[in-house]
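All remarks here apply to the structure that follows.
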Amino acid sequence: MADVSHTLDLSLTNAELYAGCDIQEVAGRLTLITPAAQAVNIIGRNARAIVERLVADGIEQITLTGAMAIWAYLVVFHAVVHRFRRVYYDDGRPGGKILIAAH
């Protein structure tokens, strides 16, 4: 049986979430080159596909984590909020994950 919980990394290292976006290393850091106005749609489509797969696998709870701009979190949150029983946020600091939505 599948684990009922999953962690979704929103950092630019998540190739599945950012597939179709131009990401380059600039001064030693990964940087999203695709303009945010375009990336919103790309990430939204990718997030929906990821969510469909996770739901089909029986995942009931999701934790969003990883360093990324707030707008990307909003796009992904929109895709996950009504598909999982609980949505958490974890910034990696002591204190653990924070419940941000429950159904």
Once label points are set 7 Å from the Cα along Cα→Cβ at both ARG53 and ALA101, what is their separation, rounded to one decimal in nm?
-> 2.0
Could you work out how far apart the two model spin labels at SER5 and GLN24 are, taking each label as a point 7 Å from the Cα in the direction of the beta carbon, and quote it in nm?
-> 4.0
With Cα atoms, 0 to 90° folded angle of helix 70-80 axis to the chain main axis = 40
Sorted by chain and number, the residues with a modelled amide H under 5 Å from that of ALA101, at a separation of 5 or more or across chains, are VAL87
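Pop out the carbon and sulfur fraction of the accessible area of segment 36-103 as a percent, whole number, probe 1.4 Å. Present the calculation step by step, with values, prior to reporting the outcome.
Values: 2230 of 3910 Å².
Of the solvent-accessible surface of segment 36-103, carbon and sulfur hold 57 percent.
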How big, in percent, is the set of alpha carbon pairs in segment 5-56 lying more than 16 Å apart?
-> 42
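Stretch ARG85-THR34 to full length: gain in nm at 0.36 nm per residue minus the Cα-Cα span?
On the way: separation 51, 0.36 × 51 = 18.36 nm, distance 3.22 nm.
Taking 0.36 nm per residue and subtracting the Cα distance, the gain is 15.1 nm.
Counting only DSSP beta bridges with both residues in segment 8-103, tell me the antiparallel percent, nearest 5.
Details: 8 of 15 bridges.
So the antiparallel bridges amount to about 55 percent of the total.
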Using alpha-carbon coordinates, inclination of helix 36-56 to the longest axis of the chain, degrees | 30
Using amide H atoms built 1.01 Å from N in the peptide plane, name the residues 5+ places from THR34, or on other chains, whose amide H lies under 5 Å from its own.
-> ASP22
Residue among ALA67, ALA37, ALA79 with the largest mean-square fluctuation in a Gaussian network model of the chain, springs linking Cα atoms under 10 Å = ALA37
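Express the accessible area of the chain per residue in Å², computed with a 1.4 Å probe while the remaining protein chains stay in the model. Before the final figure, lay out the partial values.
Numbers: 6120 Å² over 103 residues.
Here the per-residue accessible area is 59 Å².
The values are calculated or read from the model by the stated rules, or taken from the named source; none is laboratory data. The structure displayed is predicted, hence computed values, not measured ones. Using ideal geometry, Cβ is built from the backbone for each residue, glycine included, and neighbour counts are taken over all protein chains shown. The area values use the complete protein model at the heavy-atom level, side chains included, leaving out ligands, DNA and RNA. Shrake-Rupley method; radii C 1.70, N 1.55, O 1.52, S 1.80 Å.
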